[in-house]
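The structure appears below as structure tokens.
The values are calculated or read from the model by the stated rules, or taken from the named source; none is laboratory data. Treat the numbers as computed from the prediction; the structure is a model and nothing was measured. We place every Cβ from the backbone using ideal geometry, glycine too, and count neighbours over all the protein chains shown.
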Amino acid sequence: MSIKSDQWFSEIFGGTTAFSFLFSKKLYESKSHFQNIEVYETPALGRVLILDGCFMVTEADSFIYHEMLVHPAMATVGNAKKVLVIGGGDGGAVTEVVKYPDVESCTLCEIDPMVVEVCREFFPHVSSGLNDPRVTFVNEDGARFIQQFKGEFDVVLVDSTDPVGPGEVLFQEPFYLAVKESLRRGGAAVFQTESPLFMRDVFVKAVKGLDGTFGRDHAKPFLATIPSYPGALWSFTLCSEAFDPAHQKTRTLPPHLSTNLNYYNPEIHFSAFALPQFVRKMLAG
Ligand code: SAM
């Protein structure tokens, strides 16, 4: 839901808060089979992608989200070869994955092909990785696509919208189990698990569901600040039966990464898993 004046766009969150930006131009609007898609040019955030009235990608801060969705898992698993991204039609997660020369294949399973087309056109930098020859597209429901794989992937990244509409199934335990079964031994999965501040119940339910699926202490939430998302404090949950990402031995960034990352590094990795008291308390409840 959103309120638009002739110069401002607002995402109304929970009917009680608004996150707004001034825009200089609306570059695109269309309705796909799944959602309403808008792109704005803004002085503060660069270009902004809106799906069904919600902030999805901004040129100004999406690098934080994409680097934190991808690199903790890639660092934890180490020389991942086969990667699956579910959702992520903006291409930002894929662009981070293909920065690893050891990756042999990266499959993008995005239910809405129109999102990919729009982001290729309006967010060429964010979506640049989609042109990598190792990338394969699948326009399907990720909850259905994942069912066919057992022990297949080194890393699965779930870059979904909120748990509404087509995204809802990606927050349910049958999907979590299917992701777990699709991983090879030693593999890891990361799920975007919303805001512990503004979506406390969704966050707690997701982390507990993942903990129940991957095994006690094998689902580790971590945090990053994404200014354009409601409440800015955002969570991801890294699930691995083989590794504890929060206590991995300190890894240095491979040289090919240290030059082309703008947020993630080993210190950020470890600090992200250090949860504030209010988050620890809500998960202990
Ligand atoms: N970073 C954003 C966030 O945290 O909200 C998500 C970005 S990405 C644009 C989210 C994508 O998930 C959308 O393009 C949407 O079409 C896709 N999606 C939603 N449900 C899906 C499903 N069941 N299977 C595959 N893709 C799905």
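Among the residues of the stretch 191-237, those that are of a type in the set (Gly, Ala, Ser), under 18 Å from the mean Cα position of the chain (by Cα) and either under 19 Å from Thr58 (Cα atoms) or assigned to a loop (DSSP other than H, G, I, E, B) (or both) comprise Ser195, Ala224, Ser228, Gly231, Ala232, Ser235. Just one residue in the set Ser258, Ser240, Ser235, Ser271 is within 16 Å of the ligand (Cβ to nearest atom) and either modelled with pLDDT under 90 or not assigned by TED's automatic domain parsing to the domain that holds Phe19 (or both); that residue is Ser235. Test Glu38 against the criterion of being surrounded by fewer than 18 Cβ atoms within 10 Å (Cβ to Cβ) and either more than 24 Å from Ala188 (Cα to Cα) or within 11 Å of the ligand (Cβ to nearest atom) (or both), and give yes or no. In short, no.
Mind listing just one residue for me: the one in the stretch 122-148 that is farther than 14 Å from Gly88 by Cα and in contact (Cβ under 8 Å) with a residue 40 or more places away in the chain and, of those, farthest from the ligand (Cβ to nearest atom)? Looking at the filtered set, the residue picked out is His125.
Looking only at the stretch 162-203, count every residue that is of a type in the set (D, E, K, R) and within 12 Å of the ligand (Cβ to nearest atom) and tell me the total. Qualifying residue count, the stretch 162-203: 3.
Looking across the stretch 16-33, not a single residue is within 11 Å of the ligand (Cβ to nearest atom) and crowded, with 20+ Cβ neighbours inside 10 Å. Candidates Ile86, Ile111: the one that is near the ligand (Cβ under 9 Å from one of its atoms) and in a loop (DSSP other than H, G, I, E, B) is Ile111.
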